[in-house]
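Here the structure is laid out as structure tokens; the discussion comes afterwards.
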Amino acid sequence: MTRRAGVLLNISSLPSPYGIGGLGKEAVDFAARIANMGFSLWQILPTTPLGSGNCPYAGPSAFGGNVLYIDPDGLEEMGLITTEEKLGSVYGGSPYTAAYDFAATAKDKLLRLAYSRADNALFRKVAIFGDAHPKVKDYALFAAIKDAEGGKPYWEWGAYSDYDYATANKGVYESEYLYRLFCQYIFFTQWAQFKKEVNALGVKIFGDMPIYVSADSAELWSRPDMFLLNKRTGKPEKVAGVPPDYFSEEGQLWGNPLYDWKAMKKDGYRWWIERIQAGGELFDLLRIDHFRALASYWAVPATAKTAKEGAWEKGPAMGLFKALAGKTDCEIVAEDLGTFGEDVVKLLKDTGLPGMRVVQFGFAPGENSEHLPHNYIRNTVAYIGTHDNNTLLGWLWEASPEEREFALDYCGAEKQGWEQGGKKAPACRKIIEAVWRSVANTAVISLQDMCGYGSDTRMNIPGQPEGNWLFRATREALDDIDADYYKKLNSIYNR
């Protein structure tokens, strides 16, 4: 594999007049910017519908698209809304944070106008799209019923809690269902055009797939047989989480339902293969979040107060990947961070997939950590920090004096002035350069670290349910990046 570099920035974080980043001109412009700096990857977060707290990792569908990313300019180009109507959706608040509630209301209004003006030819295209994406159709019906039920979870829908009954008697929800499917068609159509233009610039899209799905999701509603649920109550007896680790002393109690891997094995892991294939339709590379759960997963009793009460149970391991062989062209990356084990090491080796290294994890004095650049291997993706990490400058400020001193010594940074931020932050640059010169085939940096921003621009704090996923970049911030520095860095280290 050739050496390469990428930038981590979610779609929501792009500058946009509509309160949240989207799939319009600003997205293609960003891809052009990073291509001109020598980057060939653009990494984003999951594109599925959002969950509680606007979290992209806990949404109601594993197959649907996030309609908040739909570009109003594209609706106007289709002749479905007017310029005046589009301008009514311009956001007047802060350009530094994503305005999820505003965008949800404004875009729903625009999309309902667009839907009301769609002609028969467009509806035929929507129908063809739906037939080709049956799981997206399931989500459209799920969303329509949920809306009619006032947002109640699917197990409180009475007769419609049963998927077979709901699909056979969906007439009462037909109009809202068709509207939701129309929105999905618009999202996937705009995404296909976005991907085509980004790829034409020499940039590959690096997507992300959460390992689990939400309890109140189209997947549990439509395929409860694929999950470990109590046969009588339909509720999980054990749920997902992780034991105590770098991010949390108590571990993390996620609460997601666990897969019934024995049931999935019986049909050759078809659901998982279709899920990865769906990722391949959207992305050139796909990171499987919490990959270690495919080797073994942390199962916590549903009544537990903390994740400490869990235990390891075996995942599908190579059975899944043998079934997947030859069924997708998408390049897969394993997010293998957190509590490790020999089974994870073996699965990575057997699959041949690249894992991950995060330089911030490497600076514990006296430890020859695998996250230190001199210990990287070629088949890995090396990060300055992920969406779950502090920014590099924020980490320097919050690290212990011993960690910070080791980091500065390791990377050859001056002790004086380490606290300086901004696009030419000297200590940050030394750490970035240490990662870039490593043997890792792929190196990734977040936009915040390219700008030398502090912890106030952090994307996510694991275990904190609110106040995450808000960071947005302005056009002025993008203009201010030291593009020549990154272009030179990628050239020097042949990325």
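The values are calculated or read from the model by the stated rules, or taken from the named source; none is laboratory data. Everything numeric here is computed off the predicted structure, so don't read it as measured data. We place every Cβ from the backbone using ideal geometry, glycine too, and count neighbours over all the protein chains shown.
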Output the strands (runs of 3 or more DSSP E) that fall wholly within segment 251-333 and possess 3 or more residues being under 20 Å from residue 354 (Cα atoms) and modelled with pLDDT of 95 or more, or say none.
285-288
Got a sec? Which of 346, 308, 314, 266 is out of contact with any helix residue (DSSP H, G or I) (no Cβ under 7 Å at 6 or more places or on another chain), surrounded by fewer than 18 Cβ atoms within 10 Å (Cβ to Cβ) and touching a residue at least 60 places away in the same chain (Cβ under 8 Å)?
308
Has segment 172-193 got any residue that is assigned to a helix (DSSP H, G or I), touching a Ser or Thr at 6+ places or on another chain (Cβ under 8 Å), over 24 Å from residue 215 (Cβ atoms) and touching a residue at least 12 places away in the same chain (Cβ under 8 Å)?
yes
When only residues in segment 172-206 that are aromatic (Phe, Trp, Tyr) and farther than 17 Å from residue 9 by Cα count, which is surrounded by the fewest Cβ atoms within 10 Å (Cβ to Cβ)?
188
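To keep it simple, each residue is scored yes or no on (1) closer than 23 Å to residue 290 by Cβ; (2) touching a strand residue (DSSP E or B) at 6+ places or on another chain (Cβ under 6 Å); (3) outside any loop (DSSP other than H, G, I, E, B).
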| site | (1), (2), (3) |
| --- | --- |
| 357 | yes, yes, yes |
| 365 | no, no, no |
| 370 | yes, no, no |
| 378 | no, no, no |
| 382 | yes, yes, yes |
| 396 | no, no, yes |
Given the conditions (1) farther than 27 Å from residue 334 by Cα; (2) out of contact with any Leu (no Cβ under 6 Å at 6 or more places or on another chain); (3) crowded, with 17+ Cβ neighbours inside 10 Å, and given that residue 402 satisfies all but one, which numbered condition is not satisfied?
(3)
Does at least one position in segment 454-470 carry a residue that is basic (Lys, Arg), touching a Ser or Thr at 6+ places or on another chain (Cβ under 9 Å) and either buried (at least 21 other Cβ atoms within 10 Å of the Cβ) or modelled with pLDDT of 95 or more (or both)?
yes
Which residue pairs have Cβ atoms closer than 6 Å, lie 6 or more positions apart in sequence or on different chains, and pair a first residue in segment 479-495 that is under 20 Å from residue 440 (Cβ atoms) and buried (at least 17 other Cβ atoms within 10 Å of the Cβ) with a second residue that is among the aliphatic types (A, V, I, L, M) and modelled with pLDDT of 95 or more?
486/37; 490/5; 495/5
Give segment 1-37 a look and list any residue that's of a type outside the set (A, V, I, L, M, F, W, C), buried (at least 20 other Cβ atoms within 10 Å of the Cβ) and in a loop (DSSP other than H, G, I, E, B), or say none.
10, 16, 18, 19, 21, 22, 24
